[in-house]
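The structure under discussion is supplied below as structure tokens; questions concerning it will follow.
No value in this document is a laboratory result; all are computed from the given coordinates. Small disclaimer: the values here were computed from a predicted structure and weren't measured. Don't worry about glycine lacking a Cβ; one is built from the backbone with ideal geometry, like all the others, and counts go over all protein chains shown.
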Amino acid sequence: MAWPFIPSYSKGRPVAIFVRPEALQASVAERDTLTQVNGKPFTGKAVLGEAMAAARPGDTLQGMVRSPTSDTERAVAIPLAPASHTLNWAVALVIMRERSNTCTTVIQFGLSIFRQASARATSVSANLAIIG
């Protein structure tokens with residue numbers, strides 16, 4: 001089944017990105033803040049994932065959203081459509097982007113430790129050359 005949008009985070013708030021036509025027609029806009037999914041507070045991506053896992057094409061996803069320019073929440077009812085290959089690739093790209101950020105951080109941390117160790121070894125070698 002096609003996700004009506006991809007949940008992401010902006011400044012610590014859950015937002016909708018890659019909003020599909022059925023969600024746009026239900027008044028969900030790009031970068032809207034998600035506050036509820038099927039009556040449950042949107043505390044993380046798993047809330048939407050659980051709702052999508054329980055749903056079938058043709059079901060309606062009930063939600064509450066807030067636009068970036070307003071503090072007023074609005075109810076939305078999004079009809080769920082069958083999956084398309086295009087959206088599956090969009091989901092995969094978002095997941096890879098988030099995981100690659102984590103991998104990049106780990107690699108950068110590892111390189112910084114290696115550079116520090118390498119700098120110390122070079123310093124010790126230089127001191128031994130001066131003494132010797």
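If R₀ is 25 angstrom, what is the calculated FRET efficiency for the pair GLN62 and ARG13, using the beta carbon separation as r and rounding to 0.05? Can you show the working numbers first?
Numbers: r = 20 Å, r/R0 = 0.80.
Using R0 = 25 Å, I get an efficiency of 0.80.
Here is a further query. Decide, for the stretch 1-83, between rounded, prolate and oblate: order the square roots of the alpha carbon gyration tensor eigenvalues as a ≥ b ≥ c, take rounded if a/c falls under 1.5, and otherwise choose prolate if a/b is larger than b/c, else oblate. Please report the intermediate quantities before stating the final value.
Values: a/c = 1.61, a/b = 1.39, b/c = 1.15.
Taking the square roots of the gyration eigenvalues as a ≥ b ≥ c, the stretch 1-83 is prolate.
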